[in-house]
1. Express the relative contact order of the chain as a whole percentage, based on alpha carbon pairs under 8 Å and six or more residues apart in sequence.
2. As a check on your grasp of the helix formula, calculate [θ] at 222 nm for the chain: sum -39500 (n - 2.57) over DSSP H runs of n ≥ 4, divide by the residue count, round to the nearest 500.
3. Mind checking the angle between helix 3-13 and the chain's longest principal axis? C-alpha axes, 0 to 90 degrees, to the nearest 10.
4. On a 0 to 90 degree scale, rounded to 10, what angle separates helix 77-88 from the longest Cα axis of the chain?
5. Take every Cα-Cα pair in the range 3-78 and report what % of them are more than 16 Å apart.
6. By how many degrees, 0 to 90 and rounded to 10, does the Cα axis of helix 46-58 deviate from the longest principal axis of the chain?
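Computed from the coordinates by the stated procedures, all read-outs in this text should not be read as laboratory data. If you're wondering where the values come from, they're calculated on a predicted model, not measured in any experiment.
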């Protein structure tokens, strides 16, 4: 990833509805959400959401697939991972122990819950 790609991604996420949509799609991985359900959950008109999803799609943050009469949207976890990796690539000036709190914070909540379950 280069600076231009990262700027495109951050620009796509720099709007409240798009950020909410992306985070909601991340929560619904791997199934994704139908466009109508996403619109309902976000309380956003279909045409407005369509424009926002187009921005996220052009940034590579969401992918869509037609299933029967619905379009299912999913978060691109690969793009999210690449973006996070880009941000921390040069982290800690060669001192990996300094990155431990960051790596701990990046652990998904679902992993923490599973690890705590006896």
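1. Details: 94 pairs, mean separation 30.4, N = 118.
26 percent.
2. Numbers: 7 runs with 70 residues, N = 118.
Counting only the DSSP helices, I get -17500 deg cm²/dmol.
3. 50 degrees
4. Computed tilt is about 40 degrees.
5. Details: 1210 of 2850 pairs.
Within the range 3-78, distances greater than 16 Å cover 42 percent of Cα pairs.
6. With both axes taken from Cα atoms, the answer is about 40 degrees.
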